[in-house]
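K.L.:
The structure is given below, and queries will be raised subsequently.
The values are calculated or read from the model by the stated rules, or taken from the named source; none is laboratory data. All values derive from a computational prediction rather than experimental measurement. Glycine gets a Cβ as well: all are built from the backbone with ideal geometry, and neighbour counts include every protein chain shown.
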Amino acid sequence: KVIVFATDATWPPMEFVDANKDITGYSIDYMKAAGKEAGFTPKFVAVAWDGIFAGLNVGKYDAISSSVSITDERKKVMDFSEPYFRVRQALIVRKNSKVKDLKELVGKQVGSQISTTGTFAVKAVKGVISKTYDEVGLAIEDLHNGRIEAVVCDDPVAANYALQNEKYAKSLKIAKVMESAEVEYYGIAVKKENNGTLELINKGIQAVKAKGLDKELQAKWIGQ
Amino acid sequence: MADTDPIIRIRNISKFFGQLRALDNVSLDIFSGEKVVIIGPSGSGKSTLLRTINQLETVDAGSIVVDGQDLTDKTANINKIRMELGMVFQSFNLFHHKTVLHNLTLAPIKLKNIPREEAEKNAIRLLEKVGIAEKRNCYPAQLSGGQQQRVAIARALAMNPKIMLFDEPTSALDPEMIGEVLDVMVNLAKEGMTMVVVTHEMGFAREVGDRVVFMDEGKIIETGPPEHFFQSPEHPRLRKFLDQIL
Amino acid sequence: MADTDPIIRIRNISKFFGQLRALDNVSLDIFSGEKVVIIGPSGSGKSTLLRTINQLETVDAGSIVVDGQDLTDKTANINKIRMELGMVFQSFNLFHHKTVLHNLTLAPIKLKNIPREEAEKNAIRLLEKVGIAEKRNCYPAQLSGGQQQRVAIARALAMNPKIMLFDEPTSALDPEMIGEVLDVMVNLAKEGMTMVVVTHEMGFAREVGDRVVFMDEGKIIETGPPEHFFQSPEHPRLRKFLDQIL
Amino acid sequence: MPEKKVTIDIGDGAAIPTKKDRGLLSAWRLAFFGAVGALLYLILFHPDPYLRLLKFLPDGILITFQVTFSSIALALVVGLITGLGRISRNATINLIASTYVEVVRGIPLLVQLFYIYYALGQFVRVPDMLAAILAMSFCYGAYMGEVFRAGIESIDRGQREASFSLGFNRTQTMFYVILPQALRTILPPVGNEFIALLKDTSLVSILAVSDLLRRGREFASESFLYFETYTMVAIIYLIITLILSKIVGIMEERMGGHGRH
Amino acid sequence: MPEKKVTIDIGDGAAIPTKKDRGLLSAWRLAFFGAVGALLYLILFHPDPYLRLLKFLPDGILITFQVTFSSIALALVVGLITGLGRISRNATINLIASTYVEVVRGIPLLVQLFYIYYALGQFVRVPDMLAAILAMSFCYGAYMGEVFRAGIESIDRGQREASFSLGFNRTQTMFYVILPQALRTILPPVGNEFIALLKDTSLVSILAVSDLLRRGREFASESFLYFETYTMVAIIYLIITLILSKIVGIMEERMGGHGRH
Ligand SMILES: Nc1ncnc2c1ncn2[C@@H]1O[C@H](COP(=O)(O)OP(=O)(O)OP(=O)(O)O)[C@@H](O)[C@H]1O
Ligand SMILES: Nc1ncnc2c1ncn2[C@@H]1O[C@H](COP(=O)(O)OP(=O)(O)OP(=O)(O)O)[C@@H](O)[C@H]1O
Ligand SMILES: [Mg+2]
Ligand SMILES: [Mg+2]
C-alpha cells in the first residue's frame, strides 16, 4: 500500500531537499523505516507549510509528515499518530545579545515560521511582536541580518542544523530551550476518520521504536 | 427597362441616426438590367439608401423587396439575399490578409461550396476582365488604389450577383486612376448588369445611366433620364447642385 | 538701411542633413532696422537658414555673427543671444499649459528677473498692441489660429528683442485670419523693428520688405528690393517660381 | 489605401471603466456592488468567522496602503530621474538608465523582492518595511521611468523650440515647459501603475511584512479556514482596486485636453 | 491648432528593444552579455556554490517553462472567448465577459493563486501543477481577452462590411476575415504577455510547485546561502526574459504591415 505524505521540505534536518533534489531528513527516514516495518510504501510530496493542512482535507495526500506538533487545536480538525519525536522550542538570538527569555523581548519583533508551535509560543507572551515567515530559514536569515531580535523554532532545527551552519555558528546562539507546561511531540497528521492509514502508520512507528531504529536516526540526523 | 416587376422595390423607407433623419420616406423602383445613378450633395443620404438595399443599414420604416424577397421580413435570410447583391465600396475594403486571387475565391468556396479549382479558374477569368490577372498573387497593400478597386469589383462579381451596388467607387482614387475603374464599370453596364451607382462622375452618369436620381436631405428630389436631367433640371436645389459641380 | 556693421552677418554657411545639403554656402548681411523677406520653393532651405540665426540648427561650416557675437564660437552664450532674437513659428507653439498672460510673462520673469507685476503690465501692453488683451486669461486651446499667432508675436516681443524672425507665420492659418496677423507684422515693421520673414505672402513682401531674398536648393539665387524683384526677375528659376505663385 | 499600424498595450493595472466602454462600466457596477453586497452578507449572516476576520485584517490593510503610498512616491522620483536619463543625450547616462529599465523589467518582482530583502540584507541593515518599500520602488521606478519618458516624448517638438527661442536652456525648458505638460499626459498611466503597485504589494507578504495578504494567511493557517479567509481577502482587494480604478477612470475622462476649464 | 490626445500604456511584460529605441537596444546588449558574463564568471571562478546551484536548478527551469507554455495556451483560448464576449452584442454575454475581466484584474494574482489553490482546493481535487496552471490561465485569460478585443476592434469596419456584403454571416466574418487580421496585430502584445506570464510564474513557487524560484528557495533553505542563490536565480530569469524580449522585438519589427512579403 502506498501512503502519500505531504511535507514542507524547508525544515532541516527533519525534512528538506538534498543536493540530489530528493526530499530527505529525519522524519523522512523515519517513515521509510516505519513503512518497511508495517508494510506500506511512503511517497513524499512537497507542499508549502501555510496550506499544508488544507490539502489533507481534500485528500490531495493521505498524511502529513512535516514536523507537525500535536496540539489540541489541531486535534480538532485532524487525527494524529503516536508521537514520534519530542521537541522543545528554542529561542535563538544573536551572539552579542543578553536576552535569556522571551519575556525580555516585549515590544521587539520575534520571528517564527507561520503557524508553527514557535508562533504560538511567541504569541503566548503578551507584548512581543510576532513576525511570521513562510520558512524558518528566512526568519533565521532575517535575525542574522538584524531585522528581528530573536527566532523561536523547534530545537532540532535550531541546535542541530541552523547553528551548525558556519555562517550562523559565528553570529547566532541559542538563548534558551523552553520547557512548556505540556510536553510537545511531533506526530503524523491524517484526515479524521481515516483509521486504516492511521493504524498502519502507528504500527510502523511502534515497530521502529521497538527496534530502536529511532536512536540510529537520531544519531544520523541530529547527533548526541 | 423591362416591363415586369421591379427587381428592387423600395417603398416609403425612413432611417434615423439618433435625431438625424438620414432617409425621409424614400421610394424607388429599379428594374432588371437598369442602371440607376444616385447623385446629391454630401450627407444627403445616398450611401445610406444604397446600404439599406443590402441591409448594411436597417430601415426604421417602409419596406424593401429585392428579387421578390422582403428584406424587412424577420424570417428573410439576409445572407442569401446579399449573395445576389454585389457591393463596391469607396475604400475598396479588400481583405488585407489574402492575395488578390484568394480575395476572389474566399466567398465562392466557403459560401457556395464551389471546388477550389473551379473557383480559381473563375476568379482568373474575372481578373482578366478587369485587366489585373497578372497581380493575382499580390497582396492588396502592394496594389495601387485603382488596381485595388478593380479587384474589389471582380471580387463582388465572383459571387455572380444579379445586381451591383457602387458607393462612390472612384472618390478615393487619384485622378489618373479614376479612368481605369470607370472603364471596368462601363463594360459591366454594357454586359447588361443591373447597377445602382452613387457617384460624382457626371460623365459616367450621362454615358451609362438609364435614370439619374437626385437626393437632398434624405429625400429623392428629382428623377429622370440623364439628358433631361442635366439639360433642363427642374428643381432649384438640383440646379444649384449642378452649378456647383459642373 | 543703416550705414554701419550688419546686425546679422552670415558668411558661407553650409548645413547637411545626412546626405542632403540643406544650406549650400549661403552668405547674407542684415542691417539694423532692415526688413528682409525670404522666399523660395518648398524644401529650398528657407526655414533652415532662419533657424540657424538663433541656432535652432547648428551649421556645419561658415560663421554667423549676431549683434557682434560669433555664434559658431563655442564659448558664446547662446541663451543670451537668443533673448535678442524673437522667433515666431508657423505652428505658433504657445505653451499649452499657460494662459495667454503667463505665456508672455514666463520668460521675462524667469530669465530677466523682472518682477511679476511689471512683467504683467508689459505683457498687457503688448497684448493690447496685437489687439487681444481681452483674452489674457484664456488658454491657447481656446483661441483661434490667428489669435494664437498674435499671442506668439507678443510673447516674442515680451523679451524685448532686437530682431524678429518669422517662419511662415501665416501658412497654418485659415484665409480669413491671415490678415489680422499680417496687420500686426506691418505695424511692427513701421515701428522700425529689424525683421527676417520667411513667407509666401507676396503682398506683404512688396509692401514691407526692404529686400527680398530668393532661395532654391539651399542657395541664395537672387536678392534685391521688391520692386525690381517682382517686376524684372533675372534668374529663370525665380521667374518660374513667381509664375507659379502669382 | 495604406494600412495604419496599430499597437495594442494592455496595462497591468486594472480594467479602467470609462464612458467609452459601456460594457466595462456596467461590469464595474456589477463587480463593485456585488463585492460590497457579498461583504455585507457575509458579515451580517455569517459573523463567525467573517466578522472575526474583518476585525483581524484592518492593520494589514493599513500596511498595504502604507507600502503602496510610500512606494509610489519613491517610484515617482526614481521614475522621473530614469525617464530623464532615458532621453538624455549623454550616452553613459542614457545607457545606465536604459540598462536599469531592461534589467528590472527582466526579473520577476518576487525574485527582486527576495533579492533586495534577503540578499542585500546581508550587507546593509534596513528595517523590513523599508526594505520592502525600497524593493517595490526600485522595481516600479523602472516602469515609471518609461511612463515619464513616453510622457516627455509626447510633447510636441515645437514647445521645446519655442522655449529655446525665448532664451531658456535645456534644464529650464524641461522644468518650465515640458514636464508640466507631460505630467497631464502621464497622470492616467501613473494612476494605472498605482493600482498595479497596490496589487503587487501583496508580494511583500512573502517577506513577512504584515500586509493584508499576510494577515489573511496567518488567520487561515491557524484557523484552517482557508476558503473563508481568502474569500474575504479577495473581496477586500477587489473593493479597493475597483474604487481606485473608478477614480483613475474619472481622471482619464477629465483629461480632455490642456487648459480647458 | 487642436492638441492630439496622447495615451501612454506601458506593458508589464518587459522592455522590448527595437531599432527605434537605440538606448534600449544597447542596454539590452549590456544587460544580456553582462548577465551571461556574470553567470560564466560565477560558475568558473566560484564553482562552489554556483556550479552546485546551476546543477540544482535546471528541472525548476523546465517546470517554469511548462507552467508558462501551458498557461499561455489556455489563456489564449480563454482570452479569445473573453474577447469575443466583450464585443458581443448580447448584453448578458457582454456583461459576464466584462465582469470577469474587471474582477480578475481587480484582485492580485497572488491572492487569486491562493484562492484557487487552497480555497477552491477544499472542494475540488486537482494536482498542484494543474491548479497552478489553471490559476495562471484564469488570470491571464482576462488580460488576453483585452488584447483580443483591442485586436478585433483595430480592424477597419470596412472589412466587416465587405464580408457581410459577400454573404458571410457574423461568425464566418469573424473567423475568415476579422480574426486572421487581428492575429497579426495582437502578436506583439501576446509576446509581451507571454514574458509577463513567465515572470509571474515565479508566484507559483509559493504553492510549492517546484519551479525555478522554488528550487532556489529549497537550495537556500538547506544551505542558508540566500545571497548566492537569489543572485543565480535572478541572473537566470534575466537571461531568459532578455532572450524572449529580443524575439518579441524582432517580431514587432517584422510586423510592418499585412501581406508584405
Ligand atoms: N452610422 C451612422 N451614424 C450616425 N450618422 C450617420 C451614420 N451614417 C450616416 N450618418 C449620417 O446620415 C446622413 C446621411 O449620410 P450618408 O452617408 O448617407 O450621406 P451621403 O449622401 O452618402 O454623403 P457623402 O457624399 O458624404 O458620402 C449624414 O448626415 C451622415 O452624417
Ligand atoms: N531636421 C531635419 N532632418 C532632416 N532633414 C531636414 C530637417 N529639416 C529640414 N530638412 C530638409 O532640409 C531641406 C530644407 O528644409 P527647409 O525646412 O529649410 O525648407 P523650406 O524652404 O523651409 O521648405 P518649406 O517651404 O516646405 O518650409 C528639405 O529638404 C528638408 O526636407
Ligand atoms: Mg456616401
Ligand atoms: Mg519651412
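K.L.:
Can you tell which of A:Val93, A:Val45 is away from chain D (no Cβ under 12 Å), modelled with pLDDT under 90 and touching a strand residue (DSSP E or B) at 6+ places or on another chain (Cβ under 7 Å)? Walk me through how you get there before you give the answer.
P.N.:
On the way: A:Val93 fails: modelled with pLDDT under 90.
On inspection, the qualifying residue turns out to be A:Val45.
K.L.:
Restrict the check to the range D:53-70 and report whether at least one residue is facing another protein chain (nearest Cβ under 7 Å), in a helix (DSSP H, G or I) and out of contact with any strand residue (DSSP E or B) (no Cβ under 8 Å at 6 or more places or on another chain).
P.N.:
Within the range D:53-70 (the criterion being facing another protein chain (nearest Cβ under 7 Å), in a helix (DSSP H, G or I) and out of contact with any strand residue (DSSP E or B) (no Cβ under 8 Å at 6 or more places or on another chain)), the answer is no, since none of the residues qualifies.
K.L.:
Given the residues C:Thr99, C:Thr72, C:Thr105, which is the only one that is within 13 Å of chain D (Cβ to nearest Cβ) and either surrounded by fewer than 21 Cβ atoms within 10 Å (Cβ to Cβ) or within 16 Å of ligand 2 (Cβ to nearest atom) (or both)? Show your work before the answer.
P.N.:
Numbers: C:Thr72 fails: within 13 Å of chain D (Cβ to nearest Cβ); C:Thr105 fails: either surrounded by fewer than 21 Cβ atoms within 10 Å (Cβ to Cβ) or within 16 Å of ligand 2 (Cβ to nearest atom) (or both).
Result of the check over C:Thr99, C:Thr72, C:Thr105: C:Thr99.
K.L.:
Also, I was wondering about something else. Find all pairs meeting these conditions: Cβ atoms under 9 angstrom apart; at least six residues apart or on different chains; first residue within the range B:14-26 and more than 13 Å from B:Thr58 (Cα to Cα); second residue surrounded by 11 or more Cβ atoms within 10 Å (Cβ to Cβ) and among the acidic types (Asp, Glu).
P.N.:
Between residues of the range B:14-26 that are more than 13 Å from B:Thr58 (Cα to Cα) and residues that are surrounded by 11 or more Cβ atoms within 10 Å (Cβ to Cβ) and among the acidic types (Asp, Glu), the close pairs are B:Arg21/B:Glu217; B:Asp24/B:Glu217.
K.L.:
Would you check which residues across the range C:41-65 are more than 16 Å from ligand 4 (Cβ to nearest atom) and away from chain D (no Cβ under 13 Å) and list them? Quick ask: steps written out before the conclusion?
P.N.:
Taking the range C:41-65 as the starting set, the residues that turn out to be more than 16 Å from ligand 4 (Cβ to nearest atom) are C:55, C:58-65.
Result: C:Val59, C:Asp60, C:Ala61, C:Gly62, C:Ser63, C:Ile64, C:Val65.
K.L.:
Conditions first: (1) modelled with pLDDT under 95; (2) away from every other protein chain (no Cβ under 14 Å); (3) more than 9 Å from ligand 2 (Cβ to nearest atom). C:Val36 passes all but one, so which condition is the exception?
P.N.:
(1)
K.L.:
Right, something else. Hey, any hits in the range B:54-67 for a residue that's within 16 Å of ligand 3 (Cβ to nearest atom), in contact (Cβ under 8 Å) with a residue 40 or more places away in the chain and farther than 30 Å from B:Asn12 by Cα? Before you say what the answer is, go through the steps one by one.
P.N.:
Here is the first cut: in the range B:54-67, the residues within 16 Å of ligand 3 (Cβ to nearest atom) are B:54, B:56-57.
Still in the list and also in contact (Cβ under 8 Å) with a residue 40 or more places away in the chain: B:54, B:57.
Okay, now just the ones that are also farther than 30 Å from B:Asn12 by Cα, so none.
Within the range B:54-67, not a single residue is within 16 Å of ligand 3 (Cβ to nearest atom), in contact (Cβ under 8 Å) with a residue 40 or more places away in the chain and farther than 30 Å from B:Asn12 by Cα.
K.L.:
Specify which of the listed residues (C:Ala189, C:Ala156, C:Ala172, C:Ala141) is within 14 Å of chain D (Cβ to nearest Cβ) and more than 16 Å from D:Glu161 (Cβ to Cβ). Give the steps one after another, and end with the answer.
P.N.:
Details: C:Ala189 fails: within 14 Å of chain D (Cβ to nearest Cβ); C:Ala156 fails: more than 16 Å from D:Glu161 (Cβ to Cβ); C:Ala172 fails: more than 16 Å from D:Glu161 (Cβ to Cβ).
So the residue among C:Ala189, C:Ala156, C:Ala172, C:Ala141 that is within 14 Å of chain D (Cβ to nearest Cβ) and more than 16 Å from D:Glu161 (Cβ to Cβ) is C:Ala141.
K.L.:
Same structure again: Which one of these is within 16 Å of ligand 2 (Cβ to nearest atom), touching a residue at least 12 places away in the same chain (Cβ under 8 Å) and touching a Leu at 6+ places or on another chain (Cβ under 7 Å): C:Leu173, C:Leu165?
P.N.:
Values: C:Leu173 fails: touching a Leu at 6+ places or on another chain (Cβ under 7 Å).
Answer to the selection: C:Leu165.
K.L.:
Are there any strands (runs of 3 or more DSSP E) wholly within the range A:140-202 with 3 or more residues that are under 23 Å from E:Ser223 (Cβ atoms), and if so which?
P.N.:
Working: elements: A:150-154, A:172-178, A:184-191.
In the range A:140-202, the matching strands (runs of 3 or more DSSP E) lie at A:150-154, A:172-178.
K.L.:
Report, by residue number, each residue of the range D:221-235 that is part of a helix (DSSP H, G or I), more than 7 Å from every other protein chain (Cβ to nearest Cβ) and modelled with pLDDT under 85. Let's see the steps before the verdict.
P.N.:
Applying the first criterion (part of a helix (DSSP H, G or I)) to the range D:221-235 yields D:221-223, D:226-235.
Filter once more, keeping what is more than 7 Å from every other protein chain (Cβ to nearest Cβ): D:223, D:228-229, D:232, D:235.
Across the range D:221-235, the qualifying residue is only D:Ser223.
K.L.:
Right, here's the next one. Of all the helices (runs of 4 or more DSSP H) wholly in the range C:134-246, which have at least 3 residues that are crowded, with 21+ Cβ neighbours inside 10 Å and aromatic (Phe, Trp, Tyr)? Show your work before the answer.
P.N.:
Values: elements: C:145-157, C:175-190, C:202-208, C:226-231, C:236-245.
So the answer is none; nothing clears 3.
K.L.:
Please verify whether the range B:108-119 includes one or more residues that are within 27 Å of B:Thr199 (Cβ to Cβ) and more than 16 Å from ligand 3 (Cβ to nearest atom).
P.N.:
In the first step, residues of the range B:108-119 are kept if they are within 27 Å of B:Thr199 (Cβ to Cβ); the result is none.
No: the range B:108-119 contains no residue that is within 27 Å of B:Thr199 (Cβ to Cβ) and more than 16 Å from ligand 3 (Cβ to nearest atom).
K.L.:
Follow-up. Please verify whether the range C:111-127 includes one or more residues that are within 13 Å of D:Ser165 (Cβ to Cβ), within 12 Å of chain D (Cβ to nearest Cβ) and outside any helix (DSSP H, G or I).
P.N.:
Looking only at the range C:111-127, we keep the residues that are within 13 Å of D:Ser165 (Cβ to Cβ), and these are C:111.
Subset that is within 12 Å of chain D (Cβ to nearest Cβ): C:111.
From what's left, outside any helix (DSSP H, G or I): none.
Checked the range C:111-127: no residue is within 13 Å of D:Ser165 (Cβ to Cβ), within 12 Å of chain D (Cβ to nearest Cβ) and outside any helix (DSSP H, G or I).
K.L.:
Given the criteria of a type in the set (Val, Ile, Thr) and closer than 30 Å to B:Phe92 by Cβ, does E:Ile236 qualify? Steps first, answer last, please.
P.N.:
Details: of a type in the set (Val, Ile, Thr): yes; closer than 30 Å to B:Phe92 by Cβ: no.
So E:Ile236 does not fit the description; no.
K.L.:
Condition test on A:Lys36, is it within 14 Å of another protein chain (Cβ to nearest Cβ) and surrounded by fewer than 21 Cβ atoms within 10 Å (Cβ to Cβ)? Show your work before the answer.
P.N.:
Values: within 14 Å of another protein chain (Cβ to nearest Cβ): no; surrounded by fewer than 21 Cβ atoms within 10 Å (Cβ to Cβ): yes.
Spelling it out, it is not the case that A:Lys36 is within 14 Å of another protein chain (Cβ to nearest Cβ) and surrounded by fewer than 21 Cβ atoms within 10 Å (Cβ to Cβ).
K.L.:
Something else now. Do we have any residue at all in the range B:2-11 that's within 16 Å of ligand 1 (Cβ to nearest atom), in contact with a helix residue (DSSP H, G or I) (Cβ under 9 Å, 6 or more places away or on another chain) and within 14 Å of chain E (Cβ to nearest Cβ)?
P.N.:
Narrowing the range B:2-11 to residues within 16 Å of ligand 1 (Cβ to nearest atom): B:10.
Those still in the list that are in contact with a helix residue (DSSP H, G or I) (Cβ under 9 Å, 6 or more places away or on another chain) too: B:10.
Within this subset, residues satisfying the condition of being within 14 Å of chain E (Cβ to nearest Cβ) are none.
For the range B:2-11, residues within 16 Å of ligand 1 (Cβ to nearest atom), in contact with a helix residue (DSSP H, G or I) (Cβ under 9 Å, 6 or more places away or on another chain) and within 14 Å of chain E (Cβ to nearest Cβ): absent.
K.L.:
A further question follows. Go over the candidates C:Phe17, C:Phe92 one by one and state the one that is closer than 18 Å to C:Ala154 by Cβ and either more than 13 Å from chain D (Cβ to nearest Cβ) or among the hydrophobic types (A, V, I, L, M, F, W, C) (or both). Full working, then the answer.
P.N.:
Numbers: C:Phe17 fails: closer than 18 Å to C:Ala154 by Cβ.
None of the others qualify; the one that does is C:Phe92.
K.L.:
Among the candidates E:Ala131, E:Ala196, E:Ala135, which residue alone is touching a Phe, Trp or Tyr at 6+ places or on another chain (Cβ under 6 Å) and over 18 Å from B:His96 (Cα atoms)?
P.N.:
Numbers: E:Ala196 fails: touching a Phe, Trp or Tyr at 6+ places or on another chain (Cβ under 6 Å); E:Ala135 fails: touching a Phe, Trp or Tyr at 6+ places or on another chain (Cβ under 6 Å).
After ruling out the rest, the residue left standing is E:Ala131.
K.L.:
Here is a check on your reading of the model: is D:Gln172 touching a residue at least 12 places away in the same chain (Cβ under 8 Å) and more than 9 Å from chain E (Cβ to nearest Cβ)?
P.N.:
On the way: touching a residue at least 12 places away in the same chain (Cβ under 8 Å): no; more than 9 Å from chain E (Cβ to nearest Cβ): yes.
Against the criterion (touching a residue at least 12 places away in the same chain (Cβ under 8 Å) and more than 9 Å from chain E (Cβ to nearest Cβ)), D:Gln172 does not qualify.
K.L.:
Here's something else I'd like to know. Is it the case that D:Arg125 is farther than 29 Å from C:Thr52 by Cβ and touching a His at 6+ places or on another chain (Cβ under 8 Å)?
P.N.:
No, not satisfied.
K.L.:
Residues in the range C:39-69 that are more than 20 Å from C:Asp5 (Cα to Cα) and more than 13 Å from ligand 2 (Cβ to nearest atom): how many?
P.N.:
Number of matching residues: 2.
K.L.:
Within the range D:82-164, which helices (runs of 4 or more DSSP H) (wholly inside it) include 2 or more residues that are more than 9 Å from chain E (Cβ to nearest Cβ) and modelled with pLDDT of 90 or more? Walk me through how you get there before you give the answer.
P.N.:
On the way: elements: D:91-106, D:109-114, D:128-153.
Of the helices (runs of 4 or more DSSP H) lying wholly inside the range D:82-164, those with at least 2 residues that are more than 9 Å from chain E (Cβ to nearest Cβ) and modelled with pLDDT of 90 or more span D:91-106, D:128-153.
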